Structure formats: C-alpha cells, structure tokens
C-alpha cells in the first residue's frame, strides 16, 4: 500500500514540476539509475552484514523505518528534492535489503509450505496491497487530503509494517531454533542392520 501511495505522490509532484515529457522522462531515468547504483553497492557491501549484525527482523524493519521517516518528512515538506531522496532510498532499500531479508524468512519452512506461501504473497498480498493503495489515493484526495495529508495517513501504515517486520523476524528465529533442535536431536536407539 505504501509503495503505491509513494508512486502516486511522485506522479503528482513530477506532473507539477515538469511540464515537458522529455524532462520528466530524463528525471525518472536519473532516479532509476541512482536506485540501481545504490542497490548494487548496498548488496555487495552491506546486505549480508546487516542480516548478520541485526538479524532478519531488524533488517526487515529498515525499509518500514525509512518509509515512516520519509512519509513524515514528506508530510512536512512535500518537495521534489525530498521525494527523490525518499524514493531512491526506499526503492534501493527494498531491492538491496528488504527482498533478501524476506527470502531468509522462507529458509525455515518445508519446501511445500515455502512455495505455497510465496505463491500466495506474490499473487494475492502484493497485488491486493497495490490495488488498495490505488483505490485509496483518489479517495484520500476526494476527502481533501493533499500530499501532506496523504503522507501523514501513510506514516502509521509504515509503523504497523515495522511492527509486523519485527514480529516476522522473531517467528523466523523461533522456527530456526526449533529446526536446529530437531536436527540435533538423537534419532534414538535404531538398530543398525546386521552385516550379511
């Protein structure tokens, strides 16, 4: 939902800022280049270390924290330069940190459960979130909320997302410990077959 809200905010701000389509295209190309360069740098030098130092839950919570700060900041000062910083950090954080951390969540599940969960998330959760965000934006505008108001509406969603990320990290850690205990448990007194 928050990604879609940022997308629509970006569309509103850039439509007012750039009246020339070529200038708008060049702007988006520059933002995409920045996101890609930052993503590669973070993945090479930080992602593994963050997962090791902070754990899955705290690493997952980084993107919601960036979103919370970004939305609050956009609520105070909805300007293009801030949007560029916010959108670049948010997208790079998603690709470089959040997605790898989400994949780690699935490492403790059985193969069948993993694919069912991933399929459900990809086909329902992400698309439903995008659709809810796409429906919410015009409704919020209809209620008279501008970029500032919509940012302040999105901030609590980012806070809830942060809490959910920490909870998922704790659940993943509990599953991992249970799996380690099960793998380390003795198999009992199983008689070896007699040699022939």
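If you scan the range 105-128, which residues turn out to be under 20 Å from residue 67 (Cβ atoms) and in contact with a helix residue (DSSP H, G or I) (Cβ under 7 Å, 6 or more places away or on another chain)? The answer is 105, and nothing else. Residue check: is residue 124 exposed (fewer than 14 other Cβ atoms within 10 Å of the Cβ) and under 25 Å from residue 99 (Cβ atoms)? So residue 124 passes the test. Name, by its number, the condition in (1) in a helix (DSSP H, G or I); (2) out of contact with any helix residue (DSSP H, G or I) (no Cβ under 9 Å at 6 or more places or on another chain) that does not hold for residue 144. Result: residue 144 fails condition (1) only.
As a summary of the residue check, residue 146 satisfies the conditions (1) surrounded by 14 or more Cβ atoms within 10 Å (Cβ to Cβ); (2) in contact (Cβ under 8 Å) with a residue 24 or more places away in the chain except for the one numbered (1).
Where a number appears in this text, it was derived from the coordinates with a stated rule and is not lab data. Since the structure is predicted, the reported quantities are computational estimates derived from the model, not experimental observations. We place every Cβ from the backbone using ideal geometry, glycine too, and count neighbours over all the protein chains shown.
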